[in-house]
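Below: the structure, in C-alpha cells.
The values are calculated or read from the model by the stated rules, or taken from the named source; none is laboratory data. All figures in this text were calculated on a predicted structure; none of them were measured in a lab. Neighbour counts run over all protein chains shown; Cβ positions are idealised from the backbone, glycine included.
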Amino acid sequence: MDGRFKVIVQEKKTFEKKMKEIIAIEAHEPKLIKFESGDELKDGDLLELRGEDVYYSDKLIGKANTIKSAKDIKASHDFDIKYTGGYPIDGSTIFLDEHFPVEIEVENKKVNTMMTIGYHHELPEKWLSDEKFEYPYAHEKATGIEKEYVESLGITWKGYCSVVDRNLRNVYSKTLEKSPPSLDLAPYLYCRDREALNEIRDSSPE
C-alpha cells in the first residue's frame, strides 16, 4: 500500500457516461492520482493505492492513469516571490521567497516551511490548477491539505498561521528584485494585483 488518498473532486456521472474521472490527493508526501471509476464516491472518501490499482474499502475500483509525486519536484529559495510561495508554469519547481525563513518555531516545535507552504500548499494548488480548476478552488483545497499536514506535526493550525502571517506580511512589503523566469501568474491575475504583476515583470529575466 503506497498511501491513503482523499477524494478531492469527481465528475458527475451521466446517463451517457458510465465512468467518471476522480482526482485524489495523499496529504503526507503529497501525491496525486487520477483515475476513472464507475463506483459512487464522495469528496473526502479515503482510498488506497497499491501499485497503480486504486482501492476503496478493500474493493478495487480503478487504475491510476496519472500519478504525481512531490518527490519529483525541485525546491528553490533563490528568488523573490510576492505571495511567498509560487511555481513556474511547467510545475517542475516549488518556490519559497528567499527572505522567508526556512524554519519557524511554532508552539516550541521547529517547522520546515518549504514542506508546509511549498510541498503541502503550493504544489497541490498547482496540480489542481493544471487540472483546469479555477484558482479559488485549488487554493481552498490546498489550504486544507496544508492544514492537515501541519496538524499531523502536533501543532495547532491557529498557532501556525499566527507565526506564518507575520512573516508573510514582511515578505509582501518588500519590493521584488529577482523574480523567477516563467512564474505562473494565475494567483496574481485572479487577485487583480497589478502592483505585484508589474513588479514581477520588472524583476524577471528577459
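The set of residues from region 89-105 being buried (at least 17 other Cβ atoms within 10 Å of the Cβ), closer than 13 Å to Leu123 by Cβ and either charged (D, E, K, R) or out of contact with any helix residue (DSSP H, G or I) (no Cβ under 7 Å at 6 or more places or on another chain) (or both) comprises Thr93, Phe95. Residues of region 128-155 that are surrounded by 14 or more Cβ atoms within 10 Å (Cβ to Cβ) and outside any helix (DSSP H, G or I): Glu131, Phe133, Leu153, Ile155.
Among residues of region 160-184 being closer than 13 Å to Thr84 by Cα and either free of Cβ contacts under 8 Å to residues at least 40 places away in the same chain or of a type in the set (S, T, N, Q) (or both), the one that is surrounded by the fewest Cβ atoms within 10 Å (Cβ to Cβ) is Ser173.
Specify which of the listed residues (Lys147, Lys82) is among the basic types (Lys, Arg) and touching a Ser or Thr at 6+ places or on another chain (Cβ under 9 Å). Steps first, please.
On the way: Lys147 fails: touching a Ser or Thr at 6+ places or on another chain (Cβ under 9 Å).
Unique residue meeting the criteria: Lys82.
For region 97-105, the criterion of a residue being modelled with pLDDT of 95 or more, part of a strand (DSSP E or B) and over 28 Å from Leu185 (Cβ atoms) is satisfied by at least one position.
In the set (1) closer than 23 Å to Glu98 by Cβ; (2) assigned to a helix (DSSP H, G or I); (3) touching a His at 6+ places or on another chain (Cβ under 8 Å), Glu122 fails one condition alone, (3).
Of all the residues in region 156-202, those that are over 17 Å from Leu96 (Cβ atoms) and outside any loop (DSSP other than H, G, I, E, B) number 15. The set of residues from region 28-41 being within 20 Å of Trp127 (Cα to Cα) and not in a strand (DSSP E or B) comprises His28, Glu29, Pro30.
Do we have Lys110 as exposed (fewer than 12 other Cβ atoms within 10 Å of the Cβ) and either outside the structural domain of Asn65 (by TED's automatic domain parsing) or not in a strand (DSSP E or B) (or both) here? Yes: the conditions hold for Lys110.
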